[in-house]
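The values are calculated or read from the model by the stated rules, or taken from the named source; none is laboratory data. Just so it is clear, the model here is predicted, and its values are computed rather than measured. Here the Cβ positions follow ideal geometry from the backbone for every residue, glycine too, while neighbour counts run over all protein chains shown.
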Amino acid sequence: MVSSTPRAWAEISLARLLENHRLLRAHCSMDSMAILKADAYGHGALAVAHALENSSTPPAFFGLASIAEARQLQENNLRTPLYLLGPSAPFEREEIILRRAIPCLSSLEEALSFNTLAANLLPPHDRLTVHLALDTGMGRGGFLPHELLANIQRLRSLQHLDLQGIGSHLSKADEDPHFTKCQCALFDQIVEQTGPWKWKHLCNSAGLINFQSSQANLARPGLGLYGISPVANSSLHLLPALSLKAHITLIRHLPAGHSISYGADTILQKDTTVATVGIGYADGYSRNLPPLTTHVWVKGQPCPLLGRVTMDQIMIDVSAIDAIQAGQQVELWGDHIDISKLATQASTIPWVLLTSLSPRVARCYTPLNP
Ligand SMILES: *Cc1c(COP(=O)(O)O)cnc(C)c1O
């Protein structure tokens, strides 16, 4: 049996992703932890991990949300150390130790629990590599500064843990320079007072583009890796690694006065060539996108969205396009439709749009060396 070409697909350039990685590292002059959580922001964690691991400047770590995400990479023979970005639930600790994933610890109790488990699960004289998390204002995990200062001796004395790194997370590096500078300063101060540390990491994409820490030697880029700058007017020439595309399934000529989509709240003002496109909110094309002011890109031109986004289909106005036919490709976002602007139109953020791409959207990779 033949399989038809997918209706909706994400065209992903691993070459661009590697170039973004190179640019980000060069910009901050640090080693990197490539953030591959949430299936590499929808780009496919396995493909992205293989490309990065085999590149000329591989990252020092991959950053994952959970041991389940780390397991997927490990079971597919990736060798880069796997760092878990958030706290680990008690029921996850055994697997973390057995897989030698690297947890970040937020409390003495958590450290004691890992130490005891590691004593039982690891060969004698072997230690579990861990990092400590420091809460400089994010409020999601980590030691408070005074807690870390009070407990650092005890933590360092735990025999089955190897405290190799310390990390903190910036909560508004894309919004508030003053607050962010205070977070950086606090991080630098506590790192200095509790060191030495092999790995010191603080900056997400926005942080590494705009801020500096005197102590950090490892950056944790996510969004930037995928070619989207979280800050406007960055001088870095990041290129989006993913373009969302779909095919037109039907073309019709509808008269002025006809209504389009659920709610019938778009009424055609003139006779219009309407294309139905095989993508909808179940694919991850946001239902919040407003008709008429949202555009898709068809044959070198922007075309307005007509009516509400439905589960599997959208309608667009292709009256301005010559010789339009069913089967024509449409770009929903990518090189011509900026995902950050689209996210703003949908009252959301590019992270949400990328991670909302559903399994129904085929992932198509352009060859690394075309
Ligand atoms: C997701 C995440 C990042 C990456 O953030 P971006 O803004 O996408 O670069 C970095 N660090 C931690 C702890 C994260 O959870």
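Numerical summary
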read-out	value
Lone qualifier among 269, 325 - being in a loop (DSSP other than H, G, I, E, B) and touching a strand residue (DSSP E or B) at 6+ places or on another chain (Cβ under 8 Å)	325
Residue identified as modelled with pLDDT of 95 or more and closer than 29 Å to residue 40 by Cα among 268, 342, 250, 254	342
Neighbours by Cβ (under 7 Å, 6+ apart or cross-chain): first from the range 102-124, surrounded by fewer than 19 Cβ atoms within 10 Å (Cβ to Cβ); second of a type in the set (Lys, Arg)	108/154; 113/93; 117/93
Test: residue in the range 350-367 that is over 26 Å from residue 4 (Cα atoms) and assigned to a loop (DSSP other than H, G, I, E, B)	no
Any hit, the range 221-240, residues being in contact with a Gly (Cβ under 8 Å, 6 or more places away or on another chain), more than 17 Å from residue 138 (Cβ to Cβ) and of a type outside the set (A, V, I, L, M, F, W, C)	yes
Unmet criterion (only one of (1) part of a strand (DSSP E or B); (2) surrounded by fewer than 18 Cβ atoms within 10 Å (Cβ to Cβ); (3) not small (Gly, Ala, Ser)) for residue 200	(2)
Test: residue 293 is of a type in the set (Ser, Thr, Tyr) and within 15 Å of residue 346 (Cα to Cα)	yes
Of residues in the range 200-243 being more than 12 Å from the ligand (Cβ to nearest atom) and within 17 Å of residue 47 (Cα to Cα), the one farthest from the chain's Cα centre (by Cα)	243
Condition met for residue 251 (within 16 Å of the ligand (Cβ to nearest atom), of a type in the set (Val, Ile, Thr) and touching a residue at least 60 places away in the same chain (Cβ under 8 Å))	no
Scan of the range 148-181 for residues that are farther than 15 Å from residue 112 by Cα and among the charged types (D, E, K, R), ordered by number	172, 174, 175, 176, 181
Neighbours by Cβ (under 7 Å, 6+ apart or cross-chain): first from the range 219-233, free of Cβ contacts under 8 Å to residues at least 12 places away in the same chain; second among the charged types (D, E, K, R) and more than 10 Å from the ligand (Cβ to nearest atom)	none
Selected residue [hydroxyl-bearing (Ser, Thr, Tyr) and more than 23 Å from residue 7 (Cα to Cα)] from 266, 273, 294	266
Residues located in the range 278-301, provided they are hydrophobic (A, V, I, L, M, F, W, C), buried (at least 20 other Cβ atoms within 10 Å of the Cβ) and assigned to a strand (DSSP E or B)	296, 298
The range 25-44 residues that are surrounded by 20 or more Cβ atoms within 10 Å (Cβ to Cβ), paired with ones that are β-branched (Val, Ile, Thr) and part of a strand (DSSP E or B) (beta carbon under 6 Å, 6 or more apart)	43/12
Among residues of the range 157-190, those that are within 16 Å of the ligand (Cβ to nearest atom), under 30 Å from residue 93 (Cβ atoms) and among the β-branched types (Val, Ile, Thr), counted	1
Condition broken by residue 132, with the remaining ones in (1) surrounded by fewer than 16 Cβ atoms within 10 Å (Cβ to Cβ); (2) within 16 Å of the ligand (Cβ to nearest atom) satisfied	(1)
Test: residue in the range 37-52 that is over 17 Å from residue 359 (Cα atoms) and in contact with a Gly (Cβ under 7 Å, 6 or more places away or on another chain)	no
Residue within the range 178-193 that is modelled with pLDDT under 95 and either among the hydroxyl-bearing types (Ser, Thr, Tyr) or more than 20 Å from residue 141 (Cβ to Cβ) (or both) present	no
Per-region count, the range 24-47, residues touching an Asp or Glu at 6+ places or on another chain (Cβ under 9 Å) and more than 12 Å from the ligand (Cβ to nearest atom)	4
